[in-house]
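Q: Handing you a structure now.
The values are calculated or read from the model by the stated rules, or taken from the named source; none is laboratory data. Please read all numbers here as calculations on a predicted model, not as lab measurements. Cβ: placed from backbone, ideal geometry, glycine included. Neighbour counts: every protein chain shown. All accessible areas refer to the heavy atoms of the entire protein, side chains included, with ligands and DNA or RNA removed. Shrake-Rupley method; radii C 1.70, N 1.55, O 1.52, S 1.80 Å.
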Amino acid sequence: MRLNKLELHNFRNYESLSLDFDPGVNLIVGDNAQGKTNLLEAIVYLGSGRSWRTQKSAELVRFGADFADLEAKVYSQQREQTLRSVVFPGKRPRQLWRNGVKKKSAAECAGVLNTVLFC
């Protein structure tokens, strides 16, 4: 599995972010409270459909925004794939897509983004 691109809109402290990853090593550095952990949380959320930091989806959506939109382009299972999640702050359920096809559960996206190492 290789993460190629990550796009975030209204996720945690990110209004808009687009990152292209190098196939080799990528370092995420910055001052405290700049969003490094939020970036890692977004990657884990796309791969698992859950956050390890909160059970409340409202906390994932940037303050004042109507929704958060996360998208990753990955090379996995010998092909290019796309994962997308749209999270809403209220009781409205999240929306999930794998390769442009809407899915009913995170289980239908499992295995695409499954190897993330934190050192």
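Q: Per q in 0.22, 0.26, 0.30, 0.31 1/Å, what log10 I(q)/I(0) does a Debye calculation on the alpha-carbon atoms of region 38-93 return?
A: -0.85, -1.09, -1.33, -1.38
Q: Turning to a different aspect of this structure: Show that you can apply the helix-only estimate: for the chain, add -39,500 (n - 2.57) for every DSSP H stretch of four or more residues, divide by all residues, and state [θ] at 222 nm to the nearest 500.
A: About -3500 deg cm²/dmol.
Q: Taking the highest mean first, how do the peptides 59-69, 2-12 order by number of other beta carbon atoms within 10 angstrom per residue?
A: 2-12, 59-69
Q: Between Ser48 and Asn32, how many nm apart are label points set 7 Å from Cα along the C-beta direction?
A: It is 2.5 nm.
Q: Taking H as built 1.01 Å from N, whose amide H comes closer than 5 Å to the amide H of Asn4, not counting residues under 5 places away?
A: Result for Asn4 returns Lys73, Val74, Tyr75.
Q: Can you give me the three principal axis dimensions of region 1-50 from its C-alpha atoms, in Å, biggest first?
A: 26, 26, 17
Q: Report the rotationally averaged projected area of the chain based on its alpha-carbon convex hull, in square nanometres.
A: That works out to 7.4 nm², a quarter of the Cα hull's surface.
Q: Just the number, please: carbon plus sulfur as a percent of the accessible area of the chain, 1.4 Å probe, no ligands or DNA/RNA counted.
A: 49
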